[in-house]
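Some notes on the structure that comes next.
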Amino acid sequence: MKKKPNPKPTTDDICIVCGRPYAMTHEVYFGNPNARLSQEWGMVTKLCYLHHQSTEQGVHHNINFDIALKQRYQEKFEQEHGHDKFMEVFKRNYL
């Protein structure tokens, strides 16, 4: 199954870090097939350009931010579905 294209950001799409509008959808577990799985399991969030793609603070360039986000969403997933299901779906423990 192909990854669904993300809709164009609007003023209602707020960055979870700084509150800026026009935040982009970020699949917390990105790459194939994890981007699709992130979408299916609701492991997506909104990030502005600065926190999504910039070389200074963007999640794609800041390993500490990336891991912290993965840990937060793993905890969220496991509260609802359990650790075994997380491992079955995403195949890696970030905690």
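The values are calculated or read from the model by the stated rules, or taken from the named source; none is laboratory data. Here the structure is a predicted model, which means the values were calculated and not measured. Note: ideal-geometry Cβ built from the backbone for every residue, glycine included; neighbour counts use all protein chains shown.
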Just to be sure before I move on: is PHE86 hydrophobic (A, V, I, L, M, F, W, C) and modelled with pLDDT of 95 or more in the structure I sent? yes
Select from the stretch 7-38 the residues that are surrounded by 15 or more Cβ atoms within 10 Å (Cβ to Cβ) and more than 19 Å from GLU75 (Cβ to Cβ) and list them in ascending order. PRO9, ASP13, ILE14, CYS15, ARG20, TYR22, ALA23, MET24, THR25, ALA35, ARG36
I'd like to verify a number: residues in the stretch 50-66 that are exposed (fewer than 13 other Cβ atoms within 10 Å of the Cβ) and of a type outside the set (Ser, Thr, Tyr), how many? 3
In the stretch 32-51, the residues that are farther than 20 Å from LYS8 by Cα and not in a helix (DSSP H, G or I): ASN32, PRO33, TRP41
Within the stretch 52-66, can you find the residues that are in a helix (DSSP H, G or I) and acidic (Asp, Glu)? ASP66
Confirm whether ASN62 is modelled with pLDDT under 95 and under 20 Å from LYS91 (Cβ atoms). no
